[in-house]
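Here the structure comes first, spelled out in structure tokens, and everything after it is commentary.
The values are calculated or read from the model by the stated rules, or taken from the named source; none is laboratory data. Treat the numbers as computed from the prediction; the structure is a model and nothing was measured. All Cβ positions, even for glycine, are placed from backbone atoms using ideal geometry, and neighbour counts span all protein chains on display.
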Amino acid sequence: MAVKKTRAKVKSLCPDFTGYKSWSPQKFHSQRNAMRDYLYSEFKASDMITSVWKWMKDNKYSALDIKKAKAATGFESINTTVSLYARMLEMGVPSYYDKHAEYWENLDGVSGKMRDINDFIRERVELAIESGKDVEEDEKANEGAKNVYVPTIQDRIRDQSQEACHAIDEWLEGYRESKKDFNFAGHFAEKSITQAHARKIREFYYGEYEEYLELANSMPTPQQIAKITDETEKDLAQQFRDGYSHLSKTDIKKYLEGLEKLITACDMVVEKAKTTRKPRVKKAPSKDKLVAKVKYKKQDNKYNIVSANPVEMLEAKEIWVFNCKTRKLGKYIADELLQTMSVKGTSIVGFDEHKSVQKTLRKPEEQLKAFKSSGKVALRKFMEEIATTDTKLNGRLNEETVILKVSR
């Protein structure tokens, strides 16, 4: 039997800054942007913020300063950008590069764009410390209240459940003689018993229920005890019978019946809560998150083309793409039933597999220039006028794919 092979997940590569001093300013700028994109794709902001606290510790900030920075809110808080830069330093990106700074300062209109990353982080950290300076005063004010017992939610549920059991205990004690039913529904409503309370009440009595169930089904008779040959087992059986000798079979049966009614009432509360509970509504992911894994080429200087934003592909009816490596121009058309396309992972979904085709451009520079100048009407026959064999599209995009045009 052939073993099915699964393709391993391809992760974006982390840029390596070894030997950066020999790089040109342009390469350094490109690699730093690549590192930023890598971190955005591979880490959450909550993961990267730990690098800020590590940076503060390495730069001799006190534990109290770190606590103040963590407590900061609003504009003064440690945001994603600060966390990103701190993680970049941690992963080997230089905080400052003379050639890079000189390059930017010599460009018109962008003077001073290059800064030392450490200076930027330090500036934001100082703001955060100042914003969180009340932490120390709050700690002193609350120091005396640390030892005050504050019941947890589970403690409150247990105490409320025990209070509701008082009336149930009285009813169980007299149920053998009175045989009077207990109004569980009314009692639970009066005590505001929820499914959490019902589970706790059931837990209180279930051990006793199992005990009386065993008594009803397994109480050994004197004749059965006499037939036991093992002395230890015989002694245990006799102790078991003697321990409940004060109860008749009728007493055991009636008490077990009362416990069964109690457990059934508790189960009903739990089951009712399940049927009336509102289903959890899953929050729809943001558009940026839906296209976060899409691989595409932002621009190509050889063909002078720039890609559209992948977000525009969501709910699109028509998508034109061009692969710069294979010179294939593709046209995705939405499925008639779905009417619009979307994105899943790195692929386009919801397209008509029969109508969506691609063709190789023999003179891509001229044909792409004509494509850019074509209007809506001309584009309808643009693909038909390309004299090459068409092939079907599979929806996958890669680093060589430029998203030329999106129509909704």
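If we scan region 158-176, do we find a residue that is modelled with pLDDT under 85, in a loop (DSSP other than H, G, I, E, B) and assigned by TED's automatic domain parsing to the domain that holds Ile252? Checking region 158-176: not a single residue is modelled with pLDDT under 85, in a loop (DSSP other than H, G, I, E, B) and assigned by TED's automatic domain parsing to the domain that holds Ile252. Restricting attention to region 206-229, the residues that are hydroxyl-bearing (Ser, Thr, Tyr), out of contact with any helix residue (DSSP H, G or I) (no Cβ under 6 Å at 6 or more places or on another chain) and either part of a helix (DSSP H, G or I) or not assigned by TED's automatic domain parsing to the domain that holds Tyr255 (or both) total 2. Exactly one residue out of Lys249, Lys261 is touching a residue at least 40 places away in the same chain (Cβ under 8 Å) and either closer than 21 Å to Glu173 by Cα or under 58 Å from the mean Cα position of the chain (by Cα) (or both), and it is Lys261. Exactly one residue out of Asp138, Asp155 is at pLDDT 70 or above and part of a helix (DSSP H, G or I): that is Asp155.
Based on what the data block shows, is Lys372 basic (Lys, Arg), over 24 Å from Leu290 (Cα atoms) and either in a loop (DSSP other than H, G, I, E, B) or without any contact (Cβ under 8 Å) to a residue 40 or more places away in the chain (or both)?
Against the criterion (basic (Lys, Arg), over 24 Å from Leu290 (Cα atoms) and either in a loop (DSSP other than H, G, I, E, B) or without any contact (Cβ under 8 Å) to a residue 40 or more places away in the chain (or both)), Lys372 does not qualify.
Hey, Ser374 hits all of (1) in contact with a Ser or Thr (Cβ under 6 Å, 6 or more places away or on another chain); (2) of a type in the set (S, T, N, Q); (3) exposed (fewer than 15 other Cβ atoms within 10 Å of the Cβ) but one; which does it fall short on? That leaves (1) as the condition not met. Within region 321-366, being farther than 24 Å from Leu290 by Cα and outside any strand (DSSP E or B) holds for Cys324, Lys325, Thr326, Arg327, His354, Lys355, Leu361, Arg362, Lys363, Pro364, Glu365, Glu366.
Yes or no, residue by residue, for (1) assigned by TED's automatic domain parsing to the domain that holds Asn217; (2) in contact (Cβ under 8 Å) with a residue 40 or more places away in the chain; (3) basic (Lys, Arg):
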{"position": "Gln239", "(1), (2), (3)": "yes, no, no"}
{"position": "Lys253", "(1), (2), (3)": "yes, no, yes"}
{"position": "Asp267", "(1), (2), (3)": "yes, yes, no"}
{"position": "Val270", "(1), (2), (3)": "yes, yes, no"}
{"position": "Val281", "(1), (2), (3)": "no, no, no"}
{"position": "Ser286", "(1), (2), (3)": "no, no, no"}
{"position": "Asp300", "(1), (2), (3)": "no, yes, no"}
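Hey, does region 37-53 have a residue that's aliphatic (A, V, I, L, M), at pLDDT 80 or above, more than 24 Å from Lys293 (Cβ to Cβ) and crowded, with 17+ Cβ neighbours inside 10 Å? Yes, region 37-53 contains at least one residue that is aliphatic (A, V, I, L, M), at pLDDT 80 or above, more than 24 Å from Lys293 (Cβ to Cβ) and crowded, with 17+ Cβ neighbours inside 10 Å. Annotation: Ala198 fulfils all but one of (1) surrounded by fewer than 16 Cβ atoms within 10 Å (Cβ to Cβ); (2) under 22 Å from Gln160 (Cα atoms); (3) modelled with pLDDT of 85 or more; the unmet one is (1).
When restricted to residues that are in contact with a Leu (Cβ under 9 Å, 6 or more places away or on another chain) and of a type in the set (D, E, K, R), region 298-324 contains 1. Would you check which residues across region 156-189 are within 39 Å of the chain's Cα centre (by Cα) and of a type in the set (S, T, N, Q) and list them? Of everything in region 156-189, those that are within 39 Å of the chain's Cα centre (by Cα) and of a type in the set (S, T, N, Q) turn out to be Gln160, Ser161, Gln162. Name the single residue that is farthest from the chain's Cα centre (by Cα) among those in region 290-314 being surrounded by 15 or more Cβ atoms within 10 Å (Cβ to Cβ), under 19 Å from Leu379 (Cβ atoms) and of a type outside the set (Gly, Ala, Ser). Selected residue: Tyr303. Residues that are under 15 Å from Lys405 (Cα atoms), more than 33 Å from the chain's Cα centre (by Cα) and touching a residue at least 60 places away in the same chain (Cβ under 8 Å) within region 332-368 comprise just one, Leu368. Of the helices (runs of 4 or more DSSP H) lying entirely inside region 35-89, not one contains at least 2 residues that are outside the structural domain of Glu123 (by TED's automatic domain parsing). Among the criteria (1) over 43 Å from the mean Cα position of the chain (by Cα); (2) assigned to a strand (DSSP E or B), the one Ile386 does not fulfil is (2).
Note on region 327-359: residues that are surrounded by fewer than 17 Cβ atoms within 10 Å (Cβ to Cβ), modelled with pLDDT of 90 or more and among the β-branched types (Val, Ile, Thr) total 1.
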